[in-house]
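The values are calculated or read from the model by the stated rules, or taken from the named source; none is laboratory data. What you see is a predicted model; the values in this text were computed from it and never measured. Positions of Cβ are generated from backbone atoms using ideal geometry, with glycine treated the same way; all protein chains shown enter the neighbour counts. Heads up: the accessible areas ignore ligands, DNA and RNA and are worked out on the full protein's heavy atoms, side chains in. Shrake-Rupley method; radii C 1.70, N 1.55, O 1.52, S 1.80 Å.
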Amino acid sequence: MTAATHSTLFPQVPETADAVLDGLDPEQREVALALNGPVCVLAGAGTGKTRAITHRIAYGVRAGILQPASVLAVTFTNRAAGEMRGRLRQLGAGGVQARTFHSAALRQLQFFWPKAVGGELPRLLERKVQLVADAAARCRIRLDRNELRDVTGEIEWAKVTQTVPADYPAAVAKSVREAPRDPAEIGQIYAMYEQLKRDRSVIDFEDVLLLTVGILQDRHDIADQIRRQYQHFVVDEYQDVSPLQQRLLDLWLGDRDNLCVVGDASQTIYSFTGATPDHLLNFRTRHPGATVVKLVRDYRSTPQVVHLANGLLSQAHGRAAEHRLELISQRDPGPEPVYTEYADEPAEAEGTARRIRDLIAAGVPAGEIAVLYRINAQSEVYEQALADAGVPYQLRGAERFFERQEVREAGIALRGAARAGANDSLLDDAEDLPAQVRAVLSTKGWTTRPPAGSGAVRDRWESLAALVRLAEDFARAKPEATLSDLVAELDERAAAQHAPTVQGVTLASLHAAKGLEWDAVFLVGLTEGMMPITYAKTDEQVEEERRLLYVGVTRSRVHLTLSWALSRSPGGRANRRPSRFLKGLRPGSGSLGAVGSGGASGSVERGSGPRRRGLRGPARCRVCGTTLTEAGAMKLMRCEDCPSDMDEGLYERLRDWRSEQARELGQPAYCVFTDKTLMAIAERVPATDGELASISGVGVRKLDRFGAEVLAICAGEEGGTDEDEV
Ligand code: ATP
Ligand code: MG
């Protein structure tokens, strides 16, 4: 993500079409100037592919060669689409559609459904898993949780490869996939799943594309109408196009060839869903007259990060690897990547949070830091650790910002105030724009200081705070701006879905990080089993995991930390091994022989938590004795649903004390102690520093700062109350 400074949030729009080209190198410029016919850009991470295509569109629009409404730019995640809309707007080409395949298709489907089919479009199913479980039950097939996930994945794969249930067994035999169960059974569940969907009048994610394709194939009048509207197509991250998306793209194009695709075969990370880099790599065969451009200058990352990325790819195999391009960093040197081994997962999370705090203290904005993991379930322990370290973070994608209720309500209030103008008693003409905005938003619950606690109230406050910051940046960039100007700006941003950056550390899965960049990136949980993930079994699947790690490494501009933990929970068996992909790259992991430019550099550190907990053996529930694995449960030292023996009165007193502290420090309450930590304290009622320190979430820093007070509150309860003595 780009930094939320006013210079990047409100950069000057280039004055002329030619000025748009000034920001490009010669090869990127070649892309921007090739406005007709097929164009293919094959290039590695950070070489400016997305930049080249956004500038290409903007140049075409600004030079009057492209009609904004005739261009459709497609990419793969909502976040990337939002980013693209933002960049286009900054270049003065805000009217161009930039969408995901899915949202572009959904829009067309909603529009043409009444004409093509009649009635209203069936409801869109948010998640398939429950329906797949129902279908399996109807077929009298028992699936455990993992099988359910795998079978759902198979159904998705079958649909995007346009395989009907009856053909599934043959199709899977022909592919390189390994079916998670008897293919005949999966075919049966798939057929039942389709039946249930019809019975319940719902459609799924893939149906949106399938139905759009169906309508475009069958209804030439509708296809013509869409083709008249869109003349130019641009696809980012083309290496991840599925056969179904490709089919849709072909139908959009018809017999025309104004198509520009950009991609990096080494970043193919969705082939498990049927995506294939073949379309990218075979583009020239399919379009013999295509302009093909290769970019190798890496503008994003330091030579140190690029060296690691090149080294990682030098070990890759398969078709994508044959086409890899060696990246050449254009940046000044930076720090070596850091490799850190931790004893257990909570220690890894705490160590990471500490490093993040240090980076922030050294001047790296929180919004420029990301923690990336393989699966979403890994986020919890990092959420806890960051909260414990007093570091703000965000999990949600920024693209929905303007859809949040509090933001919509704030928009209405600001619009009302702008309309009322000087007549509004809230608005003092003498006050500057940010002050006016703060005054209006204070009626919606905004306060100078963040509220105590985390959760919904805090989220709401963060949204309003982001609006206040946006107003401040806007006023700095345009000192003469009025409240009406700001409202117009917000409307435009909402239309472009370009949200202001929420200033927190980003927690995201590697898949969700695609196309984005940060100054500092922490790649965590890099153990065998997680990277590559256990269910990557075939060579192809393992190669895809390696590419996923490559995507992670190349998100970093300057600081890169790679870490793993030897056991899951404190005191557990240290039976984990660092990811095989780091072999030959991290120091002390043996040489690879022909590593090329990717030899080991940097150093392996041995991380520790702020304090070791002195636990022997795995963490167990105090109530039922089960081994604990979830971060929250480990904090409480019991399963979350086991009965609590918490002293409610003590808990309340600790909460009051915490609110007081938070107010004094001007920090959210969770930065003092999280609810879970307070609960653990109220359950265990520590009497000594040592006992208090053994509670997760009470690090050395917090022990020094708050230990005496917390123990005093606990002692007040233990040592008998005043009432007893009266
Ligand atoms: P990915 O493969 O990760 O999607 P990409 O090839 O799309 O990467 P971009 O995101 O377009 O790369 O660019 C990476 C970074 O380098 C961005 O911050 C971009 O602004 C910057 N950059 C690209 N080209 C140039 C250039 N010619 N001059 C200055 N900065 C550039
Ligand atoms: Mg990109």
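Length available on full extension from Y299 to Q225: 0.36 nm per residue minus the Cα-Cα distance, which gives 22.6 nm.
Axis angle, to the nearest 10 degrees, between helix 456-477 and the longest C-alpha principal axis of the chain: 60 degrees.
Taking every alpha-carbon pair under 8 Å whose residues sit at least 6 apart, region 631-714 reaches a relative contact order of 34 percent.
Only beta bridges with both residues in the chain are counted; by DSSP, about 5 percent of them are antiparallel. Taking the square roots of five times each eigenvalue of the Cα gyration tensor of the chain, the equivalent ellipsoid has semi-axes of 43, 34, 28 Å, listed largest first. Overall dimensions of region 631-714, expressed as equivalent-ellipsoid semi-axes from the Cα gyration tensor (√(5λ), whole Å, largest first), are 19, 14, 13.
With the biggest extent put first, the Cα atoms of region 3-111 measure 40, 37, 31 Å across the principal axes. Add +1 for every Lys or Arg and -1 for every Asp or Glu among the other residues with Cβ under 12 Å from the Cβ of G552, and state the total. Once positives and negatives cancel, what remains is +3.
Taking the Cα centre of region 126-203 as reference, the dipole from Cβ charges on Lys and Arg (+1) and Asp and Glu (-1) amounts to some 180 debye. Find the Cα radius of gyration of region 103-215, compare it with 2.2 N^0.38 Å by division, and give the number to two decimals. Taking the Cα Rg and dividing by 2.2 N^0.38 Å, one obtains 1.10.
When Y670, Y299 are compared by accessible area at a 1.4 angstrom probe, the order from most to least is Y299, Y670. For S644, put the label point 7 Å out on the Cα→Cβ axis and report which residues of region 371-396 keep their amide N under 11 Å from it. Output list for this probe position: empty.
Between the beta carbons of F272 and R198, assuming R0 = 45 Å, the FRET efficiency works out to 0.95 to the nearest 0.05.
Expressed as a fraction of 2.2 N^0.38 Å, the C-alpha radius of gyration for region 469-555 is 1.67. Counted by Cβ distance under 12 Å from G390, the other residues give a net charge of +4, where Lys and Arg count +1 and Asp and Glu count -1. Pairs from the table (K676/K702; K514/K537; K49/K514; K537/K583; K128/K197; K174/K537) lying more than 21 angstrom apart at Cα are K514/K537.
Spatial offset of region 32-78 relative to region 474-494 amounts to 28 Å, using the alpha carbon center of each. The length gained on full extension between R701 and R123, counted as 0.36 nm times the residue separation minus their Cα-Cα distance, comes to 202.9 nm.
For region 471-582, the relative contact order is 28 percent, taking Cα pairs closer than 8 Å that sit 6 or more residues apart in sequence and dividing their mean separation by the residue count. Computed from label points 7 Å out along Cα-Cβ, the spacing between D18 and A488 is 2.9 nm. Approximating the spin labels as points 7 Å out from Cα along Cα→Cβ, the E660-to-R449 distance works out to 1.3 nm. Applying 1/(1 + (r/R0)^6) with R0 = 25 Å to the Cβ-Cβ distance of R286 and H323, what FRET efficiency is obtained, to the nearest 0.05? That pair, R286 with H323, gives E of 0.95. Taking all Cα pairs closer than 8 Å and separated by 6 or more residues, the relative contact order of the chain comes to 16 percent.
Counted by Cβ distance under 11 Å from A171, the other residues give a net charge of 0, where Lys and Arg count +1 and Asp and Glu count -1.
Surface listing: E368, E605, E126, E383 arranged by accessible area from highest to lowest gives E126, E605, E383, E368, probe 1.4 Å. With both labels modelled 7 Å from their Cα along Cα-to-Cβ, the D539 to I375 distance reads 2.6 nm.
Comparing Cα centroids, region 664-717 and region 331-392 end up 23 angstrom apart. The calculated FRET efficiency for the pair A715 and A361, based on their C-beta separation and a Förster distance of 35 Å, comes to about 0.55.
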